[in-house]
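Step one of this worksheet: look at the structure below.
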Amino acid sequence: MKRVLITGAAGFLGSHLCDRFIAEGFHVIGMDNLITGDLKNIEHLFKLPEFEFHHHDVSKFVHVPGSLDYILHFASPASPIDYLKIPIQTLKVGALGTHNLLGLAKDKGARILIASTSEIYGDPLVHPQTEEYYGNVNTIGPRGVYDEAKRFQESITMAYHRFHGVDTRIARIFNTYGPRMRLNDGRVIPAFMGQALRGEDLTVFGDGSQTRSFCYVDDEIEGIYRLLMSDYKLPVNIGNPHEITIKDFAEEIIKLTGTDQKIVYKPLPKDDPMQRQPDITKARNILGWEPKVGREEGMRKTFKYFRTLSKEELEKTEHRDFTGHNRS
Ligand code: UDP
């Protein structure tokens, strides 16, 4: 039985990866320090003999007994609200955590895939973003702790590949959504759905003309799995190229949820990228992959998940105004 280590296992993407690798017949070792992850996302796996969980912070030395065939490094806070609340941990897990896991991969002879992000493009001046674009990042802004940790992560991964011959893969993940997103992570999809369910107005930041391109989680996991199993060592964008403005998206959510609330406008957070859309030519050509789930279907499934949350969970939401709107 092949053995895979998944860090960030209790998080949104990590937990879906655990499910996928269990379904593919792997022995899965999940690791998480549970700062932003939630055991609820993987509690269904605890009864399986082919799953084990290690409660550990990967920015400290990582020890895993036995052999490892693959490592997927998905541990990191991943929403702007988290970067502001836990900036040092965000830097450490992307930098020190990646260093530890690359060392582990070298030691075990394991292939390692790291979760990079569209955030390495910053507020992009090239649209759509190809893997060749170097980005436009504010190193000292509120998002800098995430963006720069992820840029360092890519650099150290390539250095381990070139210098130590470690077998590496780099996935640049664009906005992804689906069941198990944290309701209170401040991201636009849980924010809008939570607001609709609580009967609050939907908060659009800025004038809503900024764009995003949302990928359903099943598509994202398929792209990541294919990249891991491919021979391609350079970064690959994995995301859905279907772009929409945040204002139009808010209107879609109002229609989908049937809420009679309206849109209210709030100041645009600092360094909020004005446009984001992946060029997925590489993923299409190299991995034979492209997203299959349209936004309407994906959002319906996601809303169904949020509707299963209890009233108490729905009320636990964070309001994002403390996160440094327009503060420099
Ligand atoms: N956004 C919004 N209202 C909210 C939360 C987010 O208008 O309640 C906007 C945010 O300013 C950004 C976009 O939605 O332009 C996506 O934000 P998110 O935090 O989901 O992810 P990002 O892509 O910015 O990392």
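The values are calculated or read from the model by the stated rules, or taken from the named source; none is laboratory data. This structure is a prediction, so every number in the text was calculated from the model and none was measured. Glycine also receives a Cβ, built like all others from the backbone with ideal geometry; neighbour counts cover every protein chain displayed.
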- Task: From (1) surrounded by fewer than 21 Cβ atoms within 10 Å (Cβ to Cβ); (2) modelled with pLDDT of 95 or more; (3) within 25 Å of ILE35 (Cβ to Cβ); (4) of a type outside the set (A, V, I, L, M), pick out the condition that doesn't hold for SER209.
- Result: (3)
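Residue-by-condition table, conditions (1) within 30 Å of VAL293 (Cβ to Cβ); (2) more than 16 Å from the ligand (Cβ to nearest atom); (3) surrounded by fewer than 19 Cβ atoms within 10 Å (Cβ to Cβ):
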{"position": "ASP107", "(1), (2), (3)": "no, yes, yes"}
{"position": "ASN138", "(1), (2), (3)": "no, no, yes"}
{"position": "LYS150", "(1), (2), (3)": "yes, no, no"}
{"position": "ALA159", "(1), (2), (3)": "no, yes, yes"}
{"position": "ILE170", "(1), (2), (3)": "yes, yes, no"}
- For GLY66, are the conditions met, namely being surrounded by fewer than 20 Cβ atoms within 10 Å (Cβ to Cβ) and within 16 Å of the ligand (Cβ to nearest atom)? no
- Can you find even one residue in segment 260-280 that is modelled with pLDDT under 95 and either within 19 Å of GLY178 (Cβ to Cβ) or of a type in the set (S, T, N, Q) (or both)? yes
- Query: How about segment 207-234: which of its residues are away from the ligand (no atom under 12 Å from the Cβ), not polar (S, T, N, Q) and not in a helix (DSSP H, G or I)?
  - Reply: TYR216, ASP231, TYR232, LYS233, LEU234
- Close pairs from segment 264-276: first touching a residue at least 12 places away in the same chain (Cβ under 8 Å), partner more than 10 Å from the ligand (Cβ to nearest atom) and assigned to a strand (DSSP E or B), Cβ under 7 Å, at least 6 apart: PRO273/GLY122
- Restricting segment 189-206 to residues that are within 7 Å of the ligand (Cβ to nearest atom) and under 11 Å from ILE253 (Cβ atoms), the one surrounded by the most Cβ atoms within 10 Å (Cβ to Cβ) turns out to be PHE192
- With (1) under 26 Å from ALA110 (Cα atoms); (2) touching a strand residue (DSSP E or B) at 6+ places or on another chain (Cβ under 8 Å) as the list, and ALA159 as the residue in question, which single condition is left unmet? (2)
- Query: Any idea which of (1) touching a Ser or Thr at 6+ places or on another chain (Cβ under 8 Å); (2) farther than 24 Å from VAL62 by Cβ; (3) β-branched (Val, Ile, Thr) is the one VAL126 doesn't satisfy?
  - Reply: (1)
- Note on the structure: Going through (1) away from the ligand (no atom under 12 Å from the Cβ); (2) in a helix (DSSP H, G or I); (3) surrounded by 15 or more Cβ atoms within 10 Å (Cβ to Cβ) one by one, ASN237 fails only at (2)
- Across segment 187-246, the tally of residues that are within 14 Å of the chain's Cα centre (by Cα) and without any contact (Cβ under 8 Å) to a residue 40 or more places away in the chain stands at 0
- Message: Quick check on LYS60: is it surrounded by fewer than 22 Cβ atoms within 10 Å (Cβ to Cβ), within 16 Å of the ligand (Cβ to nearest atom) and farther than 17 Å from LEU13 by Cα?
- Response: no
- Note on the structure: Selection from segment 275-320 of residues exposed (fewer than 14 other Cβ atoms within 10 Å of the Cβ) and near the ligand (Cβ under 10 Å from one of its atoms) yields HIS319
- Query: Filter segment 22-51 for residues that are under 16 Å from the mean Cα position of the chain (by Cα) and free of Cβ contacts under 8 Å to residues at least 40 places away in the same chain; which is nearest to SER79 (Cα to Cα)?
  - Reply: GLY37
- Message: Pairs please, first residue from segment 117-132 and assigned to a loop (DSSP other than H, G, I, E, B) and within 16 Å of the ligand (Cβ to nearest atom), second anywhere and among the hydroxyl-bearing types (Ser, Thr, Tyr) and modelled with pLDDT of 95 or more, Cβ atoms under 8 Å, 6+ apart in sequence or on different chains.
- Response: PRO124/TYR133
- Inspect segment 68-79 for any residue being in contact with a Lys or Arg (Cβ under 7 Å, 6 or more places away or on another chain), acidic (Asp, Glu) and more than 20 Å from TYR146 (Cα to Cα) and give the result as yes or no. yes
